[in-house]
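Novice: Let me begin by handing over the structure; questions about it come next.
The values are calculated or read from the model by the stated rules, or taken from the named source; none is laboratory data. Since the model is a prediction, treat every value here as computed from it, not as a measurement. Glycine gets a Cβ as well: all are built from the backbone with ideal geometry, and neighbour counts include every protein chain shown.
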Protein chains: 2
Amino acid sequence: MGRLAIIAGTGALPGLVAARHPAVIVRLAGVPCDAEGAGLIEARLEHLGQMFADLRASGVTELCLAGAMRRASFDTAKLDAETQALLPRIMAAQGRGDDALLREVVAIFEDEGFTVRGAHELRPDLLASGNAGATEAQSADAARARAVLAALGPLDVGQAAVAAKGQLLGIETLQGTDALLRFVAETAPGSGGVLVKRAKPGQDLRVDMPAIGPDTVALAAEAGLSGIELQAGHVLLLDPDAVETAAKARGLSIWAVP
Amino acid sequence: MGRLAIIAGTGALPGLVAARHPAVIVRLAGVPCDAEGAGLIEARLEHLGQMFADLRASGVTELCLAGAMRRASFDTAKLDAETQALLPRIMAAQGRGDDALLREVVAIFEDEGFTVRGAHELRPDLLASGNAGATEAQSADAARARAVLAALGPLDVGQAAVAAKGQLLGIETLQGTDALLRFVAETAPGSGGVLVKRAKPGQDLRVDMPAIGPDTVALAAEAGLSGIELQAGHVLLLDPDAVETAAKARGLSIWAVP
């Protein structure tokens with residue numbers, strides 16, 4: 001493996017990857033990041049040409065896009081020539097949804113000669129696995145939520161859903177899993193239901209890996225849920241020990257299924 | 001048409017039907033209702049045998065289930081013999097979702113010899129129709145929300161969804177349209193998006209008619225939406241004049257498509 005750079009989104013993941021792999025951190029303007037690495041590149045999405053040059057100057061050949069990267073707003077008045085040339089590709093992909101946009105970003109990095117590696121490849125120890133033993137009711141609710149996510153997947157919608165007693169109580173939209181859980185807490189407290197979190201079919205895990213952390217567990221508990229079902233090998237735990245501790249403290253079960 | 005009884009749910013619809021058709025009002029225990037009719041029957045879901053007898057004693061041959069009837073809790077310790085005998089049918093249907101449950105309730109009334117008529121048959125003047133002229137952006141957002149509802153329909157989920165700038169901002173679940181709009185107001189204010197409200201495929205309009213009123217318009221405006229798209233002939237306006245006035249006052253467009 002060549003020299004690694006982490007293009008850092010928000011959250012704990014960039015730091016978790018950097019903790020195991022010496023890496024240059026690419027800090028994007030407007031994206032808060034406290035990960036520390038073996039070097040630092042300050043970059044902006046409008047100046048991709050500069051970013052590519054800085055990466056090459058640092059000897060970087062491998063890239064990892066880690067952390068939450070909400071569709072960044074992008075000042076088209078500030079583009080460098082290289083970014084300007086890429087704009088049609090970016091705009092066309094943006095119109096086809098988040099997944100298409102991220103796939104296009106990966107394709108652009110690959111066209112520039114970089115190898116794109118997923119955070120889950122660099123930290124496979126964080127992947128959800130195993131079965132804590134869901135009850136029959138939890139399994140039934142999880143199956144209902146899973147069916148909804150399967151129906152929505154082709155539309156590039158929905159990484160998570162909540163079901164309780166056979167009824168859907170919430171489906172994740174653009175606002176994310178935390179907003180979904182707050183909605184359930186406010187509108188359907190004490191349901192004893194289940195949060196299901198999965199990758200969308202076709203989701204490029206190298207750049208858009210579903211993840212939960214101890215905060216997710218706390219929000220699920222505040223929403224009155226009894227369990228969380230994750231897709232085995234497709235959801236990262238940030239970090240696994242803290243998630244387990246939070247789940248135990250709150251009386252939630254967490255399990256993974258294929 | 002024989003004598004009509006309205007089994008009254010909450011909201012304005014029972015009164016709107018009774019205003020045009022002389023009818024006996026069936027008031028269910030636990031369901032607030034201020035509709036006035038040509039007669040009154042007090043009933044409970046646990047005593048269906050008694051309800052059937054009272055309806056026959058009043059000469060009723062036609063029934064209209066009007067208004068919001070959230071899945072009522074049902075005290076199985078209080079059932080009369082006739083309801084007890086029907087319990088297996090009700091419980092089996094309940095496990096298959098809201099639509100299945102309502103279809104089974106209609107089948108039970110029909111087995112008892114009553115004709116079940118939809119509120120939209122008795123008040124066709126309230127049905128959404130026409131096109132106020134959506135902008136191109138509104139049409140695109142509506143198409144996105146419609147695609148999501150189409151994907152979820154077979155799962156008996158989703159009468160409404162909100163999209164803005166091509167992104168899904170909310171999908172209705174058990175908590176209903178008002179809760180959906182409040183969620184959007186809190187988590188994605190000022191989006192300028194569109195609420196789409198439609199019947200689910202296979203939804204029995206005779207007993208479960210999607211409806212919006214001036215309150216829905218007010219909530220949509222507070223959520224920062226710019227328009228509401230309804231399914232023509234499949235959504236009731238409660239009442240049309242007040243809805244139009246509210247939309248004008250708030251600067252929202254409302255249109256209907258097939």
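Novice: Given the condition facing chain A (nearest Cβ under 10 Å), in contact with a Ser or Thr (Cβ under 8 Å, 6 or more places away or on another chain) and among the polar types (S, T, N, Q), answer yes or no: does some residue in region B:161-178 qualify?
Specialist: So far as region B:161-178 goes, yes, one or more of its residues are facing chain A (nearest Cβ under 10 Å), in contact with a Ser or Thr (Cβ under 8 Å, 6 or more places away or on another chain) and among the polar types (S, T, N, Q).
Here's the yes/no breakdown for (1) buried (at least 19 other Cβ atoms within 10 Å of the Cβ); (2) part of a loop (DSSP other than H, G, I, E, B); (3) modelled with pLDDT of 95 or more:
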{"residue": "B:5", "(1), (2), (3)": "yes, no, yes"}
{"residue": "B:30", "(1), (2), (3)": "no, yes, no"}
{"residue": "B:65", "(1), (2), (3)": "yes, no, no"}
{"residue": "B:70", "(1), (2), (3)": "no, yes, no"}
{"residue": "B:74", "(1), (2), (3)": "no, yes, no"}
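Novice: Could you check region B:185-200 and list, in sequence order, the residues that are more than 20 Å from residue B:234 (Cβ to Cβ), touching a Ser or Thr at 6+ places or on another chain (Cβ under 9 Å) and more than 9 Å from chain A (Cβ to nearest Cβ)?
Specialist: Within region B:185-200, B:191, B:192, B:193 qualify.
Novice: Separate question: Taking residue B:127 as meeting all but one of (1) more than 30 Å from residue A:147 (Cβ to Cβ); (2) aliphatic (A, V, I, L, M); (3) more than 14 Å from chain A (Cβ to nearest Cβ); (4) touching a Lys or Arg at 6+ places or on another chain (Cβ under 8 Å), write down the number of the exception.
Specialist: Answer for residue B:127: the failing condition is (4).
Novice: Is it fair to say residue B:38 is over 30 Å from residue A:149 (Cβ atoms), aliphatic (A, V, I, L, M), in the same structural domain as residue B:211 (by TED's automatic domain parsing) and modelled with pLDDT under 90? Break it down into steps so the answer makes sense when it comes.
Specialist: Details: over 30 Å from residue A:149 (Cβ atoms): yes; aliphatic (A, V, I, L, M): yes; in the same structural domain as residue B:211 (by TED's automatic domain parsing): no; modelled with pLDDT under 90: yes.
Judged against the criteria, residue B:38 is not a match.
Novice: Only residues in region B:115-126 that are under 11 Å from residue B:64 (Cα atoms) count as the first member; pair them with residues that are of a type in the set (Phe, Trp, Tyr) and crowded, with 19+ Cβ neighbours inside 10 Å, Cβ under 9 angstrom, at least 6 apart or cross-chain, and list the lot.
Specialist: Sorted first by the residue in region B:115-126, then by its partner, the pairs are B:115/B:109; B:116/B:109.
Novice: Assess whether residue A:160 counts as being surrounded by fewer than 21 Cβ atoms within 10 Å (Cβ to Cβ) and not aromatic (Phe, Trp, Tyr).
Specialist: Details: surrounded by fewer than 21 Cβ atoms within 10 Å (Cβ to Cβ): no; not aromatic (Phe, Trp, Tyr): yes.
Against the criterion (surrounded by fewer than 21 Cβ atoms within 10 Å (Cβ to Cβ) and not aromatic (Phe, Trp, Tyr)), residue A:160 does not qualify.
Novice: Can you find a residue that is at the interface with chain A (Cβ under 8 Å from one of its Cβ atoms), in contact with a strand residue (DSSP E or B) (Cβ under 9 Å, 6 or more places away or on another chain), surrounded by fewer than 24 Cβ atoms within 10 Å (Cβ to Cβ) and in a helix (DSSP H, G or I) anywhere in region B:134-142? Give the derivation first.
Specialist: Of region B:134-142, the ones at the interface with chain A (Cβ under 8 Å from one of its Cβ atoms) are none.
No, that holds for no residue.
Novice: Taking residue B:113 as the residue in question, decide whether it is outside the structural domain of residue B:214 (by TED's automatic domain parsing), outside any helix (DSSP H, G or I) and either closer than 23 Å to residue A:178 by Cβ or of a type outside the set (Asp, Glu) (or both). Spell out how you get there, then give the answer.
Specialist: Working: outside the structural domain of residue B:214 (by TED's automatic domain parsing): yes; outside any helix (DSSP H, G or I): yes; either closer than 23 Å to residue A:178 by Cβ or of a type outside the set (Asp, Glu) (or both): yes.
Here the answer is yes, as residue B:113 does meet what is asked.
Novice: Still on this structure: Which one of these does residue A:182 not meet: (1) more than 9 Å from chain B (Cβ to nearest Cβ); (2) under 22 Å from residue A:222 (Cβ atoms)?
Specialist: (1)
Novice: Which one is nearest to the chain's Cα centre (by Cα) among residues in region A:77-110 that are farther than 15 Å from residue A:204 by Cβ, touching a residue at least 12 places away in the same chain (Cβ under 8 Å) and in a loop (DSSP other than H, G, I, E, B)?
Specialist: A:79
Novice: Give region B:241-258 a look and list any residue that's in a helix (DSSP H, G or I) and surrounded by fewer than 17 Cβ atoms within 10 Å (Cβ to Cβ), or say none. Please lay out each step first, then the result.
Specialist: Of region B:241-258, the ones in a helix (DSSP H, G or I) are B:241-250.
B:241, B:242, B:244, B:245, B:248, B:249, B:250, listed by residue number.
Novice: Keeping to region B:6-24, report how many residues are over 18 Å from the mean Cα position of the chain (by Cα) and over 21 Å from residue B:240 (Cα atoms). Before the answer, list the steps.
Specialist: From region B:6-24, those over 18 Å from the mean Cα position of the chain (by Cα) are B:19-24; that's our starting set.
Right, trim to over 21 Å from residue B:240 (Cα atoms) and you get B:22-24.
Residues that pass the stated criteria total 3.
Novice: Right, something else. Criterion first (over 14 Å from the mean Cα position of the chain (by Cα), crowded, with 17+ Cβ neighbours inside 10 Å and either part of a loop (DSSP other than H, G, I, E, B) or hydrophobic (A, V, I, L, M, F, W, C) (or both)) does residue A:207 satisfy it? Show your work before the answer.
Specialist: On the way: over 14 Å from the mean Cα position of the chain (by Cα): no; crowded, with 17+ Cβ neighbours inside 10 Å: yes; either part of a loop (DSSP other than H, G, I, E, B) or hydrophobic (A, V, I, L, M, F, W, C) (or both): yes.
No: the conditions fail for residue A:207.
Novice: Is there a residue in region A:185-196 that is without any contact (Cβ under 8 Å) to a residue 40 or more places away in the chain and crowded, with 24+ Cβ neighbours inside 10 Å?
Specialist: No, region A:185-196 contains no residue that is without any contact (Cβ under 8 Å) to a residue 40 or more places away in the chain and crowded, with 24+ Cβ neighbours inside 10 Å.
Novice: Mind checking which residues of region B:118-133 are surrounded by fewer than 19 Cβ atoms within 10 Å (Cβ to Cβ) and charged (D, E, K, R)?
Specialist: Across region B:118-133, the qualifying residues are B:121, B:125.
Novice: Under the condition of being assigned to a loop (DSSP other than H, G, I, E, B) and without any contact (Cβ under 8 Å) to a residue 40 or more places away in the chain, which residue from region B:7-25 is surrounded by the fewest Cβ atoms within 10 Å (Cβ to Cβ)? Lay out the reasoning, then the answer.
Specialist: The first filter runs over region B:7-25 and keeps only residues assigned to a loop (DSSP other than H, G, I, E, B), leaving B:9, B:11-12, B:19-22.
Applying the additional criterion that residues be without any contact (Cβ under 8 Å) to a residue 40 or more places away in the chain yields B:19, B:22.
Working: B:19: 14, B:22: 10.
Per the criteria, the residue is B:22.
Novice: Does residue A:221 satisfy being in a helix (DSSP H, G or I), more than 12 Å from chain B (Cβ to nearest Cβ) and either surrounded by fewer than 24 Cβ atoms within 10 Å (Cβ to Cβ) or of a type outside the set (A, V, I, L, M, F, W, C) (or both)?
Specialist: Working: in a helix (DSSP H, G or I): yes; more than 12 Å from chain B (Cβ to nearest Cβ): yes; either surrounded by fewer than 24 Cβ atoms within 10 Å (Cβ to Cβ) or of a type outside the set (A, V, I, L, M, F, W, C) (or both): yes.
Taking the combined requirement at face value, the residue satisfies it.
Novice: Among the residues of region B:26-44, write down those that are farther than 16 Å from residue B:109 by Cα and in contact (Cβ under 8 Å) with a residue 40 or more places away in the chain.
Specialist: Scanning region B:26-44 gives B:30, B:31.
Novice: Let me spell it out: the conditions are (1) in contact with a strand residue (DSSP E or B) (Cβ under 9 Å, 6 or more places away or on another chain); (2) in a helix (DSSP H, G or I); (3) more than 25 Å from residue A:102 (Cβ to Cβ); (4) among the polar types (S, T, N, Q), and residue A:216 meets all of them except one. Which number is the exception?
Specialist: Result: residue A:216 passes all but (3).
Novice: Could you check region A:145-157 and list, in sequence order, the residues that are more than 7 Å from chain B (Cβ to nearest Cβ) and closer than 24 Å to residue A:135 by Cβ?
Specialist: A:145, A:146, A:149, A:150
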